[in-house]
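Step one of this worksheet: look at the structure below.
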Amino acid sequence: MRELIVCGKNSVLDAVKNNLGVKKIIISNKENIKLFDNSRLQIEIQDVSFLNKLTKENHQGFIAIMNDIVYRDIEYLIKNKPEIVLMLDKIQDPHNLGAIIRTANATGVTNIVLPKENSASINATSLKVSSGGFVGINFYRVNSLSATITKLKKAGYWSYATALDKEAVSLAHVNYNKPSIIVVGNEGDGVSKSVLSVCDSKIYIPQKGTVQSMNVSVATGIVLFDFLRKNEE
């Protein structure tokens, strides 16, 4: 099984606290051993230069080696029907992926679907940027987002994809039916046509400035908080 490197004090502590398959902890300061007093994990003390060879991320003297993310089966979503599922269509930048995971956690989203191909992977970079946001998230990898959306729609889901076209409805006027699928797209091209074609609604974020679009992680945050706000009303 592929191993993942988690780095940064908070991310490592979160991974240990939540029993996320940590196999070994590597720290650069022996004084920090006390943070893991209640753990039976293997702990190594190494020079900072050793940690630097393991990752280019800002590790803060903390690295955890853990098992790869265990991806769930889509059948879990069909059976349990959470109020919201987030789908990411070909997000390329692991920094954006990590920021989206962090925002998803903050808004109570616990299910994220990724395509197996043409997508940033969950790696040391995305986990570091998520700042522990990966804790409690169920991840799914599928061959086809459009086929998965179609399958979930048959199970009662409603799908909403972000898009900049004439058919899209302003976020201000969107009333979400539940359970909902929120689809956000690639940094450059947005949600692909094949995915848009199977979604129930196209939605957009109204803007007043001169920029043509927003960073995908920022846009995702706006949509998720809009869903959260309307769900609490």
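The values are calculated or read from the model by the stated rules, or taken from the named source; none is laboratory data. Just so we're clear, the structure is a prediction, and the values are computed from it rather than from any experiment. So basically every Cβ, Gly included, is an ideal-geometry build from the backbone, and we count neighbours across all protein chains shown.
Look through segment 70-100, keep the residues that are of a type in the set (A, V, I, L, M, F, W, C), part of a loop (DSSP other than H, G, I, E, B) and more than 12 Å from the chain's Cα centre (by Cα), and return whichever of them is nearest to Ile26 (Cα to Cα).
Val70
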**Request:** For Thr110, state whether it is out of contact with any His (no Cβ under 6 Å at 6 or more places or on another chain), hydroxyl-bearing (Ser, Thr, Tyr) and closer than 30 Å to Ile182 by Cα.
**Result:** yes
**Message:** Can you tell me which residue is farthest from Leu127 (Cα to Cα) among those in segment 9-40 that are modelled with pLDDT under 90, under 28 Å from the mean Cα position of the chain (by Cα) and not in a helix (DSSP H, G or I)?
**Reply:** Ser39
**Request:** Please find, within segment 88-127, the residue that is nearest to Glu187 (Cα to Cα) out of those that are touching a Ser or Thr at 6+ places or on another chain (Cβ under 6 Å) and among the basic types (Lys, Arg).
**Result:** Lys90
**Fill in**
Of the residues in segment 107-131, those that are small (Gly, Ala, Ser), touching a residue at least 40 places away in the same chain (Cβ under 8 Å) and more than 21 Å from Val22 (Cβ to Cβ) come to Gly108
**Request:** Inspect segment 32-50 for any residue being in contact (Cβ under 8 Å) with a residue 24 or more places away in the chain, in contact with a Gly (Cβ under 6 Å, 6 or more places away or on another chain) and over 23 Å from Pro115 (Cβ atoms) and give the result as yes or no.
**Result:** no
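If you check Ala104, Ala161, which single one turns out to be more than 15 Å from the chain's Cα centre (by Cα) and either of a type in the set (S, T, N, Q) or under 23 Å from Ser201 (Cβ atoms) (or both)? It would help to see each step written out before you state the result.
Numbers: Ala104 fails: more than 15 Å from the chain's Cα centre (by Cα).
Checking each option against the conditions leaves just Ala161.
Looking at Leu171, Leu145, can you tell me which residue is in contact (Cβ under 8 Å) with a residue 40 or more places away in the chain and touching a Phe, Trp or Tyr at 6+ places or on another chain (Cβ under 9 Å)? Can you show your working first?
Values: Leu145 fails: touching a Phe, Trp or Tyr at 6+ places or on another chain (Cβ under 9 Å).
Step by step, each of Leu171, Leu145 is checked, and only Leu171 is in contact (Cβ under 8 Å) with a residue 40 or more places away in the chain and touching a Phe, Trp or Tyr at 6+ places or on another chain (Cβ under 9 Å).
Answer yes or no as to whether Ser180 is more than 19 Å from Ile84 (Cβ to Cβ) and either modelled with pLDDT of 95 or more or outside the structural domain of Pro82 (by TED's automatic domain parsing) (or both).
No; evaluated as a whole, the condition is false for this residue.
Can you pull out the residues in segment 41-52 that are surrounded by 10 or more Cβ atoms within 10 Å (Cβ to Cβ) and either at pLDDT below 95 or not in a loop (DSSP other than H, G, I, E, B) (or both)?
Keep residues of segment 41-52 that are surrounded by 10 or more Cβ atoms within 10 Å (Cβ to Cβ), which gives 41-46, 48, 50-52.
Residues satisfying the conditions are Leu41, Gln42, Ile43, Glu44, Ile45, Val48, Phe50, Leu51, Asn52.
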**Asked** Given the residues Val16, Val70, Val85, which is the only one that is touching a Ser or Thr at 6+ places or on another chain (Cβ under 8 Å) and under 24 Å from Thr148 (Cβ atoms)?
**Response** Val85
